[in-house]
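K.L.:
Would you mind keeping the following structure in view while I ask a few things?
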Amino acid sequence: MGIKFIGVWTSGLMQLPSETREQIECAFNAMSEEKDDWFYKISISGKDYFVAENGEFGFTAMLPEEY
């Protein structure tokens, strides 16, 4: 497993508070340490977010409707 990182945030996520993006990033870091995958579904405060490998610059974090 190489180092995984969120390199792109979609416009929908950029409209959310920075605290939410921080929580998504922390959850992604923990999940990617446990499981090597190309797609992660992250739930925070009852809302789902997706993080998918983008093939160019790490992973892209997005709202489900942006997938």
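K.L.:
Computed FRET efficiency, Cβ-Cβ of ILE3 and GLU65, R0 22 Å: what is it to the nearest 0.05? Write down the numbers at each step before the final one.
P.N.:
Working: r = 29 Å, r/R0 = 1.31.
According to the calculation, E is roughly 0.15.
K.L.:
Report the gain in length on full extension from ALA52 to SER18: 0.36 nm times residue separation, minus Cα-Cα distance, nm rounded to one decimal.
P.N.:
Numbers: separation 34, 0.36 × 34 = 12.24 nm, distance 1.96 nm.
Roughly 10.3 nm would be gained on extension.
K.L.:
Moving on. Roll a 1.4 Å probe over the protein chains and send me the accessible area per residue for the chain in Å².
P.N.:
So the chain comes to 65 Å² accessible per residue, rounded to a whole number.
K.L.:
For helix 18-34, report the angle its Cα long axis makes with the longest principal axis of the Cα atoms of the chain; keep it between 0 and 90° and round to the nearest 10°.
P.N.:
20
K.L.:
Distances over 14 Å make up what percent of all Cα-Cα pairs in the chain? Please list the in-between numbers first.
P.N.:
Values: 1149 of 2211 pairs.
Counting pairs separated by more than 14 Å, the tail of P(r) holds 52 percent.
K.L.:
Can I ask one more? Roll a 1.4 angstrom probe over the protein heavy atoms and tell me the percent of accessible area of the chain that is carbon or sulfur.
P.N.:
Details: 2200 of 4330 Å².
Roughly 51 percent, rounded to a whole number.
K.L.:
Which of the trypsin sites (Lys or Arg not before Pro) found in the chain are loop residues per DSSP with 10 or fewer other Cβ atoms within 10 Å of their Cβ?
P.N.:
Numbers: sites: LYS4, ARG21, LYS35, LYS41, LYS47; in loops: LYS4, LYS35.
Here the trypsin sites (Lys or Arg not before Pro) that fit, given the DSSP loop and packing criteria, are LYS35.
K.L.:
If you don't mind, there's one more thing I want to ask. What does the charge add up to near ILE44, with Lys and Arg as +1, Asp and Glu as -1, over the other residues with Cβ less than 15 Å from its Cβ?
P.N.:
Working: positive: ARG21, LYS41, LYS47; negative: GLU19, GLU22, GLU25, ASP48.
Once all neighbours under 15 Å are counted, the net charge is -1.
K.L.:
Could you list the GluC sites (Glu not before Pro) in region 12-57 that lie in coil according to DSSP, counting only those with at most 11 other Cβ atoms within 10 Å of their Cβ?
P.N.:
Numbers: sites: GLU19, GLU22, GLU25, GLU33, GLU34, GLU53, GLU56; in loops: GLU56.
Counting only loop positions with at most 11 other Cβ atoms within 10 Å, the GluC sites (Glu not before Pro) in region 12-57 are GLU56.
The values are calculated or read from the model by the stated rules, or taken from the named source; none is laboratory data. As the structure is a prediction and not an experimental result, all values here were calculated from the model. Heads up, the Cβs are rebuilt from the backbone with ideal geometry, glycines too, and the neighbour counts pull from every protein chain shown. Each accessible area value is taken on the protein alone, full model and side chains, heavy atoms only, with ligands, DNA and RNA left out. Shrake-Rupley method; radii C 1.70, N 1.55, O 1.52, S 1.80 Å.
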